[in-house]
Structures are given as C-alpha cells and as structure tokens.
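Take a look at the structure below.
The values are calculated or read from the model by the stated rules, or taken from the named source; none is laboratory data. Please read all numbers here as calculations on a predicted model, not as lab measurements. Note that each Cβ is placed from the backbone with ideal geometry, even for glycine, and that neighbours are counted across all protein chains shown. Keep in mind that these areas ignore ligands, DNA and RNA; they rest on the heavy atoms of the full protein, side chains included. Shrake-Rupley method; radii C 1.70, N 1.55, O 1.52, S 1.80 Å.
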Amino acid sequence: CSSDLEAAQVVHAHERILDLAENASQTTLDQIPKSEVLALPAPSQAVNLLDTERIALSVPGTVVARARAWPDTDPTLPGIHATGVVTVVILPDVPVAEPEPSAGLIAAVKRYLDRRRIICTRIAVAAPTYVVITVTASVQALTGASASAVQAGILDSLDAFLNPLTGGPAGLG
C-alpha cells in the first residue's frame, strides 16, 4: 500500500536525522557540517527541533545558510517561557558580516514550516540578534614584525572566528 510506504519514508527520514545528531554528539543540526545535513532527506513533518531545522534548510526557492530551532521561545516575548512555540532563527547565505534574512525569506520559511508543524505548535521565524563585543588583548610581536601587520592579522582572525556563517571552532558559524 502506498500510504504504508509513505509512512515508512517519513519515519526513515526522521530517524536518520536523529542518528546524525547522535553520532555527531549534537543537540542541533546547526553544529553539524551543512553538507552532511543536506545529504539526508528532509522529513515531511516537523516532529521535533531537529526536523524543524532540517526542513527550514530546504524551503524551495530559498537559500538558508543556517537554521536553529529554539523550544518554548517567542521572539515577541523575550525572556518569557512560551509553551508550544518553536522559534527558528535563520541566516541567509550572503557574504556579509551580519547576514539578515529579508522579510520575504522569513515569510517563506514560516509558511513552509507552518504546513509541516505538528498540531498545537506555533512556529515563529526570526532574524538573529547580533551582539557587539569588545576584545582587549595584550600581544607581544616577534622581533622585526610589523606592528600594523600583526594588528591586521589579529583583527582578521577575530573577524573570521566570529563570522556567523563560517566562524567558530569548527568553522560552522
């Protein structure tokens, strides 16, 4: 029966995503190389946060670089426990220091996820909130090194590490 086959495919997609996260010792797909995540089929329904993240990365006609789902969080009610709300923070794949999803991208991802969410769950899709940080460091340059080159190298390294798309210790943003 075709409905049995479809049900098996849905469960299989869901289980493979769970296995991927478990094998990577991660609770989010956001910290697993995107190529590994996209190699798995997206489930047809968002049963859990991992499914939600995987589906958000596969919205037709869009290019979402990163998607992170947060449970019981509503971006319009910061700091308040929002039971039944899943907020998905998305980043577009654009080469700028602080990528911001357009209103159209947010709406497209929300529409797509709304059709795939489980009943009694509300989906919110949001842009990231960037935090400005200041780094103070004392550096001892090697003898003969150009102070301006050392400073530029340090700033470039910090910018690369803090890049929301390609930074971090694993280069996943």
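Assorted remarks:
- Segment 55-149: trypsin sites (Lys or Arg not before Pro) falling in loop per DSSP and having at most 13 other Cβ within 10 Å: Arg115
- At an R0 of 30 angstrom, the distance between the Cβ atoms of Ser25 and Leu162 translates into a FRET efficiency of 0.80.
- Dipole orientation for segment 61-131: of the candidates Val131, Pro75, Pro95, Pro75 has the Cα lying most toward the positive pole (charges on Cβ; Lys, Arg +1; Asp, Glu -1).
- For the chain, the fraction of 1.4 Å probe accessible surface lying on carbon and sulfur atoms is 59 percent.
- Charge dipole of the chain about the Cα centre (unit charges at C-beta), most positive-ward option of Gly153, Tyr112, Pro41: Tyr112
- Between Ser138 and Leu38, the contour length at 0.36 nm per residue exceeds the Cα-Cα span by 31.8 nm.
- Net length available on complete extension from Val150 to Arg16 is 43.7 nm, with 0.36 nm assigned per residue and the Cα-Cα distance removed.
- The share of Cα pairs per 5 Å bin across the chain, counted from zero up to the longest distance, runs 1, 8, 14, 17, 17, 14, 9, 6, 5, 4, 2, 1, 1, 0, 0, 0 percent.
- Using Cβ point charges alone (K and R +1, D and E -1), the dipole size of the chain about the Cα centre works out to roughly 320 debye.
- Derived scalar couplings between HN and Hα for segment 126-137 equal 9, 7, x, 10, 8, 10, 7, 10, 10, 10, 10, 9 Hz in order, rounded to whole Hz, by the Karplus curve 6.51 cos²θ - 1.76 cosθ + 1.60 (θ = phi - 60°), x for Gly and Pro.
- Burial order of peptide ranges 16-23, 149-156 (average beta-carbon count within 10 Å, highest first): 16-23, 149-156
- Zone of Ala170's modelled label, taken as backbone nitrogen in segment 58-75 under 20 Å from a point 7 Å along Cα→Cβ: 58, 64-71
- Centroid-to-centroid separation of segment 38-84 and segment 91-144 [C-alpha atoms, Å]: 13
- Theoretical gain in end-to-end length, Tyr130 to Asp114 [0.36 nm per residue, Cα-Cα removed]: 3.2 nm
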